[in-house]
Amino acid sequence: MQKHLSDLTLWRAFLAGDKNAFAEIYNLYSGELLSYGYRITGNKQLIRDCIHSLFLHIWEHRENLSETDSIRFYLFRSLRNLIQQKKNSVKSEFFLEDISMAAPSEISFEQLIIEEEGREKQLLSIRKAIQSLPPRQQEIIQLRYYHNMGTDEIAELMEINNQSVRNLLYRSISHLRAFFESLPKSWMASLLLLFGG
Amino acid sequence: MEKYASYGYEDFVRDDDFVDWVLSPTKESDLFWHSILDKYAFQKENLKMARMAVVRLRDALKEAGNHETSLEIWSDIQNSMSGRSRKSTIIRRNWGILGVAAALALILISYAQDFWRSVEYKNTLVESVADGVIVLKNNHTVALHRDLPDNSVVLMEPGSEVRYADGFSAEGRKVTLSGEAFFDVVPDEKRPFVVEAGDLRVRVLGTSFRVKEGNDNVLVAVKTGKVSVFRQKDSQENNAEDMAVLKPNEQVAYKRGGEGLEKTIVPDPMPVTEISNLPGFSFHNEAVSRIFSAIEQAYGIEIAYEKKVLANCRLTTSLGNETLFEQLNVICAAIGASYEVQGTRIIVNGRECL
């Protein structure tokens, strides 16, 4: 979970012009921002530029920034805004391999399950299934199950209400249900350890 | 709490507290969920399935190769912050009084530039697509990293331009370069990576190297791996005269209309093995031959000298952070010798030590 106290200290140091604090903030959050950004744009060049712009911008304008107790949320939100801005101002032909924008395809889930066995392949089929979800559902899945953001935080970030978040999650998990139910029993056995038999 | 009694496994998957426990467990949440299991033992299967589903989701959402990309972006950010291109100005020694003034002037000028230049990083690289060919051009004043369709990365110096077929092709990965760039290529045996720079073709499987294409000449320098460089005129790669195979720390400079391809050592050789893995770069009264041997191993570059002449030369030194040539300077100064680069070898000339 978030370490609020050290977040504030780190942020304050950065605001005061401490380059090490700035580097530390980058270290802590760039990986996540990359994963998130790539999920919602599917465009590597774009996300590079956005992260570059974002961090350069906050460094240059640190004197105008206010304090925050959640650096992560601030960065996620700023990145999201930046991506929307860029998307709106650049022509769509520049967006190559824009995976997340693809319309949900008519995948036969049963087919995917039957064709692919084994752990790696299972991961692959779940991955494909996620990529075939509509963009907002993909974003929500990413935020919930990779970045571990709660419903409230997701609602605030995506600027929708809690109920919408829950609905979207509901729909996406329903879509992916077939994949969870097909997982081999041998994995269940290894999880017995976690639950103490 | 009671709601958990009637949860299906999907409900657990959608439960904030449950997911939080699976993804970042704490002592408290651990205790909590084990107590739930105790209380509602009949939910065991559902809890197990839900846990597995969340873990699989997390694993499926993970993207590989983020760390390198993170580092590259950081490097680009640093470049932008200092407003300078990656290759910093080399200040030569022995400039004399006039030289000092010139050096000062240089520093003053770059300060002024930093001050007036807008540090705001405005737009992306100019990127255009026509007939399935992608053109990237770096109009900025700093070097920038870009991803290629196979996840290879190119670091483009200011003013450089690359072109390639969208998505590369099934047969190969071809990039046309004008200007200067550094390539970090992902291995792919089935698709050789070829850089076209002027008349030259640089062909690799997976490696990292720099190509500098100018008006009259082309320079290719290898950092890791191996590349073969050949001239386009002869479409046979097998023409020995016009082909060179480069190893790390080797480079080749080709002059348009020139004779052939001459291999030399790059100006800034990097160790090809982890220094810490080597026998020891700290020497106490060590025979110079051992020291040279250690350096050869570290850089993959041959050092030639007369063993008999230098047999008695011993040295106490530790060569940590210096560059190869600095290290050679130190050693040669200590034993009264000198060195020169001949092709891809280093020749050391010295006298007997007492």
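Read-outs throughout are calculated quantities, based only on the coordinates presented, and are distinct from any laboratory measurement. Worth saying up front: this structure is predicted, and the values here are computed from it rather than measured. Positions of Cβ are generated from backbone atoms using ideal geometry, with glycine treated the same way; all protein chains shown enter the neighbour counts.
Apply 1/(1 + (r/R0)^6) to the Cβ-Cβ distance of B:Ser318 and B:Val272, taking R0 = 22 Å, and write down the FRET efficiency to the nearest 0.05. Efficiency at R0 = 22 Å is approximately 0.65. Taken along the Cα-to-beta-carbon direction at a fixed 7 Å, the label points for A:Asp152 and A:Arg77 span 1.4 nm.
Annotation for segment B:6-65: trypsin sites (Lys or Arg not before Pro) lying in DSSP loop with at most 13 further Cβ atoms inside 10 Å of their Cβ are B:Lys62.
With the simple model of a label 7 Å out from the Cα in the direction of the Cβ, B:Phe42 to A:Asn88 spans 5.3 nm. Computed from the Cβ-Cβ distance with R0 of 45 Å, the FRET efficiency linking B:Gln342 to B:Val129 stands at 0.45. For the pair segment B:3-34 and segment A:118-187, the centres of their Cα atoms are 16 angstrom apart.
Each peptide among B:320-332, B:71-83, A:47-59 gets the average number of other Cβ atoms lying within 10 Å of its residues, and from highest to lowest they stand as A:47-59, B:71-83, B:320-332. Legend: ranking of residues B:Lys308, A:Lys44 from fewest to most surrounding C-beta atoms inside 10 Å; resulting order B:Lys308, A:Lys44. In loop segments of segment A:5-49 as defined by DSSP, there are no chymotrypsin sites (Phe, Trp or Tyr not before Pro) with at most 12 further C-beta atoms inside 10 Å of their C-beta.
Residues in segment A:13-27 carry Karplus couplings, in order, of 4, 5, 4, 7, x, 6, 5, 5, 5, 4, 4, 5, 4, 4, 4 Hz; the curve used is 6.51 cos²θ - 1.76 cosθ + 1.60 with θ = phi - 60°, and Gly or Pro positions show x.
Here the simple spin-label model places points 7 Å from the Cα toward Cβ, and for A:Asn64 and B:Thr176 these points are separated by 4.3 nm.
Stretching B:Val194 away from B:Ser82 to a fully extended chain increases their span by 37.0 nm, per 0.36 nm per residue minus the current alpha-carbon distance. Shown here for segment B:177-225: trypsin sites (Lys or Arg not before Pro) in loop regions (DSSP other than H, G, I, E, B) with at most 13 other Cβ atoms within 10 Å, namely B:Lys190.
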